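Student: Structure below; questions to follow.
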Amino acid sequence: MRHFYMVTNEKKDPDYQITGQIQEMFQKRGASCKVGKDVTGLTGDTECILVLGGDGTLLRAAGDTFGKNIPLLGVNLGNLGFMAEVETGNIEQAVDALMRDEYQIEERMMLDGSLLLGADDSGQQTQTIQAHALNDVVVTRQGPLRIVSYDVYVNGRYLTRYEADGVIIATPTGSTGYSMSAGGPIVEPVAQLLLMTPICPHSLSPRTIILSPEDTIEIRIGAGGKQDRIEAGVNFDGNAAYGLKAKDSILVKRSGHKTRFLRIHQSGFLENLHRKMNK
């Protein structure tokens, strides 16, 4: 690789000190490395995008490069940084590895979401919105502090109803994000499956449900009582957000696109997990 692009998080590197150091490392080795706050400056010869920040910065970069198939390499300037490959202490070793083409490309599954909004009296939705996510699709209540009903269908068949603050549908990559905070399991990121976890369910036995990557999940917002105005929202990777109301639906399934990550270390996921959990 000889052509790189770097997306930096200004809050994590406000004076661009680390960003400048990395850019200089590449230039001294005869490589080109452009810098931007986002991916709008990408050129056709870009072979790798370095993302400086935390997991949130990586998620934004993955969304902004959806369908481009350019591999991402995360440099952790945050806290846990489960998705980042490189820590600040070994940046130069990572640059040398890239210049020697010593890396592997790891593909991660993504999610496609379809929002079916504005149901009329016949139950037919009048608007459809498409979105996608690498980590998760999160449906949550909004407005007054009340529990909302979420009716869950899998492949068109009714599965269950959650009385809860919300529902998380996560990929294996997203298993270390909000899903983990809500009590969901940690999953090998290259696995192929869907995780569905309720948020603060009104239940004595909340459980994450693990589904096949071939399944399509539908979540319908419950109607509520006659005097209730149900307000909810859906969020894709913490970025794209849309308002929902009673009878609206969200369809989620595995995307035909994948996010590509560069791996330059020999250590596997479990070793990395051990290191992160024992910081």
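Student: With every protein chain kept in place and ligands, DNA and RNA left out, what is the accessible area per residue of the chain? Probe 1.4 Å, answer in Å². Display every interim value, and only then the final one.
Tutor: Details: 13480 Å² over 279 residues.
Result: 48 Å² of accessible area for each residue.
Student: Pick out which of Ile49, Ile105, Ile199 has the largest mean-square fluctuation in a Gaussian network model of the chain, springs linking Cα atoms closer than 10 Å.
Tutor: Ile105
Student: Under 15 Å from a point placed 7 Å out from the Cα of Glu92 along the Cα-to-Cβ direction: which residues of the stretch 1-41 have their backbone N that close?
Tutor: Answer for the stretch 1-41: 18, 21-29.
Student: Each residue of the stretch 6-19 in order: what ³J(HN,Hα) in whole Hz does its phi give by Karplus 6.51 cos²θ - 1.76 cosθ + 1.60, θ = phi - 60°, with x for Gly and Pro?
Tutor: 10, 9, 10, 8, 4, 6, 8, 9, x, 9, 6, 5, 5, 4
Student: In a Gaussian network model over the chain where Cα atoms closer than 10 Å are linked, find which of Gln192, Gln17, Gln27 has the largest mean-square fluctuation.
Tutor: Comparing Gln192, Gln17, Gln27 in a Gaussian network model of the chain, the most mobile one is Gln17.
Student: Given only helices, namely DSSP H runs of n ≥ 4 each adding -39500 (n - 2.57), what is the per-residue ellipticity at 222 nm of the chain, to the nearest 500 deg cm²/dmol?
Tutor: Result for the chain, helices only: -4500 deg cm²/dmol.
Student: Cross-link list Lys12/Lys34; Lys68/Lys245; Lys68/Lys247; Lys37/Lys245; Lys11/Lys253: which exceed 27 angstrom alpha carbon to alpha carbon?
Tutor: Pairs exceeding the cut-off: Lys68/Lys245; Lys68/Lys247; Lys37/Lys245; Lys11/Lys253.
Student: Sorted by mean Cβ packing within 10 Å, highest first, what order do the peptides 204-217, 166-179 take? All intermediate terms of the calculation are to be shown ahead of the outcome.
Tutor: Numbers: 204-217: 13.6, 166-179: 25.9.
Result, highest mean first: 166-179, 204-217.
Student: Right, something else. Check Glu231: other-chain or 5+ apart residues with amide H under 5 Å from its amide H, H built from backbone geometry?
Tutor: Amide H to amide H, under 5 Å and 5 or more residues apart or across chains, Glu231 pairs with Gln142.
Student: Shifting gears a bit: For the chain, what is the percent of antiparallel DSSP beta bridges, rounded to the nearest 5?
Tutor: Around 75 percent antiparallel, to the nearest 5.
Student: Per the 1.4 Å probe, what fraction of the accessible area of the chain, in percent, lies on carbon and sulfur atoms?
Tutor: For the chain, the apolar C and S fraction of the accessible surface comes to 47 percent.
The values are calculated or read from the model by the stated rules, or taken from the named source; none is laboratory data. Everything quoted here is computed from the prediction, not taken from an experiment. FYI the Cβ positions are ideal-geometry reconstructions off the backbone, even for glycines, and counts take in every protein chain you see. Accessible surface areas use protein heavy atoms only, side chains included; no ligands, DNA or RNA. Shrake-Rupley method; radii C 1.70, N 1.55, O 1.52, S 1.80 Å.
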